[in-house]
Amino acid sequence: MVIRNTIPEKERYALSRLRQILNESGLMRAYLYVTRITCGKKGCRCRLGGRNRHIAWYIMQSNKGKPQRKYIPFNRLDEVRQWVRRYNEVIKLLEQISEEYWKRLIQRTNKRGR
C-alpha cells in the first residue's frame, strides 16, 4: 500500500479522476461530426440543396484500419457526446500519469549516476 502523502498531487488527482470515469457508464474511441443530407422525400425543402438540407450527426471510428461511421439520432447525441468526452479525458489522464512516472524514473536513474 502506498502512503497517500508520497504520491504527488497531480498524479493523485489523475488517478482519482480516472477511477471516477471508469465507474461511469459509457466510453467510446471515436469522434462526432455534423453534415447536411438530403432525405429523399419528393416535396421536402432539402432537395433545393445547400442550407436547405437536413443536419445529421455521425460518429466515426477506425476499426482495423477501416473507417466506420454510424448515424446518431438527435435524441442520443448528448449521450454519445459524453461517451466520446470520457474517452478523451481518460487518454489525457493516462498521459499525465505516464508523465509523472517518466519523471520519477529519470530522477531515480540520475540519483544512481546513470
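How about the stretch 69-101: which of its residues are among the hydroxyl-bearing types (Ser, Thr, Tyr) and touching a Lys or Arg at 6+ places or on another chain (Cβ under 8 Å)? Scanning the stretch 69-101 gives a single hit, TYR87.
Here VAL90 fulfils each of the conditions (1) in contact with a helix residue (DSSP H, G or I) (Cβ under 6 Å, 6 or more places away or on another chain); (2) part of a strand (DSSP E or B); (3) hydrophobic (A, V, I, L, M, F, W, C) apart from (2). Which residues, counting only those in the stretch 93-114, are aliphatic (A, V, I, L, M) and either in contact with a strand residue (DSSP E or B) (Cβ under 9 Å, 6 or more places away or on another chain) or outside any helix (DSSP H, G or I) (or both)? The answer is none; no residue qualifies. Tell me, yes or no, whether the stretch 37-60 has at least one residue that is under 14 Å from the mean Cα position of the chain (by Cα) and of a type outside the set (Val, Ile, Thr). Scanning the stretch 37-60, I find at least one residue that is under 14 Å from the mean Cα position of the chain (by Cα) and of a type outside the set (Val, Ile, Thr), so the answer is yes. From the list SER25, SER62, SER16, the lone residue that is surrounded by fewer than 13 Cβ atoms within 10 Å (Cβ to Cβ), among the hydroxyl-bearing types (Ser, Thr, Tyr), assigned to a helix (DSSP H, G or I) and without any contact (Cβ under 8 Å) to a residue 12 or more places away in the chain is SER16. The number of residues in the stretch 70-81 that are assigned to a strand (DSSP E or B) and exposed (fewer than 12 other Cβ atoms within 10 Å of the Cβ) comes to 2. For the stretch 49-87, which positions are touching a helix residue (DSSP H, G or I) at 6+ places or on another chain (Cβ under 6 Å) and within 30 Å of GLU9 (Cβ to Cβ)? Selection gives ARG86 alone.
Every number here is computed from the coordinates shown, using simple stated rules; none is lab data. Here the structure is a predicted model, which is why all the values come from computation and not from measurement. For neighbour counting, all protein chains shown are included, and Cβ atoms are generated from backbone atoms with ideal geometry for every residue, glycine included.
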